Ligand code: IPM
Ligand code: MG
């Protein structure tokens with residue numbers, strides 16, 4: 001029987017609660033589809049700091065590198081906010097992305113019909129939205145050198161560098177163009193080429209790589225306009241290709257089109273080695289430990305892991321179908337419920353998902 005090693009990173013806040021739900025569901029679909037999963041739980045973020053003093057313990061990175069896929073819940077807790085940046089939970093996530101070489105971050109945004117009322121935008125604007133943000137994840141201003149803070153002549157100056165090498169742009173452009181070829185065949189590359197040199201190189205390279213994908217239509221958009229178009233007419237987008245910082249901002253904006261950030265999964269992939277799969281939402285410290293979290297983005301991230309990380313597409317379909325079924329049946333966690341008195345807790349939602357999986361057995 002095929003067996004996969006999965007590093008589970010529950011992290012902080014609601015992370016452990018949603019991880020427990022995803023793990024149970026994964027065990028069920030694995031059994032049904034004839035493969036086995038061996039889970040190895042490791043600390044990261046605040047949990048890593050508590051365990052070892054590092055937000056990404058060396059043992060956690062080593063476990064991830066030795067596994068077939070990594071499933072992360074969420075990191076971050078207010079009690080670490082005053083630490084210097086290298087010791088904050090977020091630095092653990094950045095180090096993990098870079099340590100695993102995960103240059104491509106895929107953030108699909110698809111309107112779930114049962115939740116259309118949860119958006120702050122009108123149904124006729126968002127109905128049918130189905131896009132993916134492809135964000136470059138280990139370059140750009142997040143990692144560019146030099147960076148720092150200097151004091152001179154009585155003034156303080158801090159700076160970061162927004163820089164890309166041509167080959168860093170080429171490889172992320174290929175991911176977006178190849179993905180679009182399997183979807184509706186359109187890539188919109190987002191940059192700030194009217195102002196930034198780094199964006200001009202971005203645009204030149206994306207144009208050049210586009211030559212390899214004659215069946216994909218490529219357009220370019222400035223990032224300020226893209227931010228506006230996302231709320232004006234989001235259906236115009238199929239694949240949005242963009243750099244690390246612009247992708248960080250636009251993917252939050254795009255996520256909010258669905259009105260339910262608790263529903264959105266993501267995948268981060270490198271050229272080889274394990275991928276990292278995680279919900280787009282954070283660790284929600286305000287509701288941590290209260291059994292109120294929505295586990296569905298985590299479950300959908302587990303589905304992305306099955307499909308893209310382990311090539312077990314049928315098992316991924318099963319998980320996604322279970323989510324659709326419970327939503328269609330009206331089950332809602334607190335973040336989605338219009339009537340809070342009917343909201344399900346995290347564990348109860350996990351039970352509904354297990355029932356929906358069992359009901360789908362044929
Ligand atoms: C994200 C997050 C991270 C980022 C933070 C937590 C470092 O906002 O995954 O979008 O900026 O990339
Ligand atoms: Mg972000």
Scan region 123-135 for residues that are touching a strand residue (DSSP E or B) at 6+ places or on another chain (Cβ under 8 Å) and buried (at least 19 other Cβ atoms within 10 Å of the Cβ) and jot them down. 129, 131, 132, 133, 134, 135
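Out of region 255-270, which residues are modelled with pLDDT under 95 and more than 10 Å from ligand 2 (Cβ to nearest atom)? Even if it seems obvious, please write down each step before you answer.
Taking region 255-270 and keeping what is modelled with pLDDT under 95, we get 255-264.
Residues satisfying the conditions are 256, 257, 258, 259, 260, 261, 262, 263, 264.
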Odd one out for residue 249 among (1) within 16 Å of ligand 2 (Cβ to nearest atom); (2) in a helix (DSSP H, G or I); (3) buried (at least 20 other Cβ atoms within 10 Å of the Cβ): (3)
Condition check: within 16 Å of ligand 1 (Cβ to nearest atom) and surrounded by 14 or more Cβ atoms within 10 Å (Cβ to Cβ). Does residue 201 satisfy that? no
Would you confirm whether or not region 52-70 contains a residue that is within 16 Å of the chain's Cα centre (by Cα), assigned by TED's automatic domain parsing to the domain that holds residue 288 and under 29 Å from residue 331 (Cβ atoms)? yes
Taking region 279-299 as the search range and keeping residues that are in a helix (DSSP H, G or I) and away from ligand 2 (no atom under 16 Å from the Cβ), which one is surrounded by the most Cβ atoms within 10 Å (Cβ to Cβ)? 298
In region 113-150, residues that are within 16 Å of ligand 1 (Cβ to nearest atom) and touching a helix residue (DSSP H, G or I) at 6+ places or on another chain (Cβ under 8 Å) total 12
Could you figure out which of (1) over 23 Å from residue 105 (Cα atoms); (2) surrounded by 18 or more Cβ atoms within 10 Å (Cβ to Cβ) isn't true of residue 72? (1)
Looking at region 71-89, I want the residues that are farther than 23 Å from residue 305 by Cα and free of Cβ contacts under 8 Å to residues at least 24 places away in the same chain and have a partner that is within 16 Å of ligand 2 (Cβ to nearest atom) and not in a helix (DSSP H, G or I) with Cβ atoms under 8 Å, at least 6 apart or on another chain. Which pairs are those? 81/88
Looking only at region 345-362, which residues are buried (at least 21 other Cβ atoms within 10 Å of the Cβ) and within 20 Å of residue 261 (Cβ to Cβ)? 346, 349, 350, 353
Can you confirm whether residue 240 is part of a helix (DSSP H, G or I) and within 16 Å of ligand 1 (Cβ to nearest atom)? no
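Mind listing whichever residues of region 252-261 are within 15 Å of ligand 1 (Cβ to nearest atom) and either over 30 Å from residue 101 (Cβ atoms) or surrounded by 24 or more Cβ atoms within 10 Å (Cβ to Cβ) (or both)? First the steps, then the outcome.
As a first pass, look at region 252-261 and keep what is within 15 Å of ligand 1 (Cβ to nearest atom): 252-256, 261.
Once the filter is applied, which keeps residues that are within 15 Å of ligand 1 (Cβ to nearest atom) and either over 30 Å from residue 101 (Cβ atoms) or surrounded by 24 or more Cβ atoms within 10 Å (Cβ to Cβ) (or both), region 252-261 yields only 254.
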In the set 47, 62, 51, which member is modelled with pLDDT of 95 or more and surrounded by 15 or more Cβ atoms within 10 Å (Cβ to Cβ)? 47
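Output yes when any residue across region 155-162 is closer than 22 Å to residue 251 by Cα and free of Cβ contacts under 8 Å to residues at least 40 places away in the same chain, and no when none is. If you could, list the steps in order and put the result at the bottom.
Residues of region 155-162 closer than 22 Å to residue 251 by Cα: 160-162.
In the following step, the residues that additionally are free of Cβ contacts under 8 Å to residues at least 40 places away in the same chain were identified as 160-161.
For region 155-162, residues closer than 22 Å to residue 251 by Cα and free of Cβ contacts under 8 Å to residues at least 40 places away in the same chain: present.
Yes/no matrix, rows are residues, columns are (1) in the same structural domain as residue 68 (by TED's automatic domain parsing); (2) free of Cβ contacts under 8 Å to residues at least 24 places away in the same chain; (3) within 16 Å of ligand 1 (Cβ to nearest atom):
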site: 269; (1), (2), (3): yes, no, yes
site: 277; (1), (2), (3): yes, no, yes
site: 286; (1), (2), (3): yes, yes, no
site: 289; (1), (2), (3): yes, no, no
site: 292; (1), (2), (3): yes, no, no
site: 304; (1), (2), (3): yes, no, yes
site: 307; (1), (2), (3): yes, yes, no
site: 311; (1), (2), (3): yes, yes, no
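Only strands (runs of 3 or more DSSP E) wholly contained in region 27-122 count here; list those with 2 or more residues that are within 16 Å of ligand 2 (Cβ to nearest atom), under 30 Å from residue 326 (Cα atoms) and in contact with a strand residue (DSSP E or B) (Cβ under 7 Å, 6 or more places away or on another chain). Even if it seems obvious, please write down each step before you answer.
Working: elements: 35-41, 69-74, 104-110.
It comes to 69-74, 104-110.
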Restricting region 233-246 to residues that are in contact (Cβ under 8 Å) with a residue 60 or more places away in the chain and out of contact with any strand residue (DSSP E or B) (no Cβ under 6 Å at 6 or more places or on another chain), the one nearest to ligand 2 (Cβ to nearest atom) turns out to be 245
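The values are calculated or read from the model by the stated rules, or taken from the named source; none is laboratory data. Everything numeric in this text was worked out from a predicted model, so none of it was measured. We place every Cβ from the backbone using ideal geometry, glycine too, and count neighbours over all the protein chains shown.
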